[in-house]
Amino acid sequence: MSDTKFGGFIAMMIGPKRRWGQYQARVRQLPPNYRTAVEAIQRHMMHFVPTDADSDASRFEDLAALFEQAAAAGTPIREIVGQDPVKFAETFARNYTDGGYVPARARKQLTDAIERAAG
């Protein structure tokens, strides 16, 4: 493998990891109830298979941005996710990928976590 190809391969592997780390740092900066909501939605979205690494990273970055803006504006969590957090998360994820099967247990976990976060 040439140095150029090797460098490209390394960049492909490190790039998504770096973006993931940056995303997680952003989520850690959110107020606790918003962080709880984002982490619950994140777990739920893990059931959706990404079409590519860039699209996968973008969906989580966009989720963080949405909740950062909402926290800064003081928008209640229920105004963000609505009364059906499962529908919100699945619709959000489908904007970035087609695939995904979410077990009933995971749907309940998301609903319960949002209920706790929303108060």
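Here, each number is a calculation from the coordinates, and none is a lab measurement. It should be emphasised that the depicted structure is a prediction, and the values quoted were computed from it without experimental measurement. A quick note on method: Cβ atoms are made from the backbone with ideal geometry, for glycine too, and the neighbour counts reach across all protein chains shown.
Given the peptides 38-48, 73-83, arrange them by the average over their residues of other C-beta atoms within 10 Å, most packed first. Write down the numbers at each step before the final one.
On the way: 38-48: 20.3, 73-83: 14.1.
Per-residue Cβ counts within 10 Å, averaged per peptide and sorted highest first, yield 38-48, 73-83.
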Using each residue's phi in region 16-33, evaluate 6.51 cos²θ - 1.76 cosθ + 1.60 at θ = phi - 60° and report the 3J(HN,Hα) Karplus result to the nearest Hz, with x for Gly and Pro. x, 5, 5, 5, 4, x, 5, 4, 4, 5, 5, 5, 4, 7, 6, x, x, 5
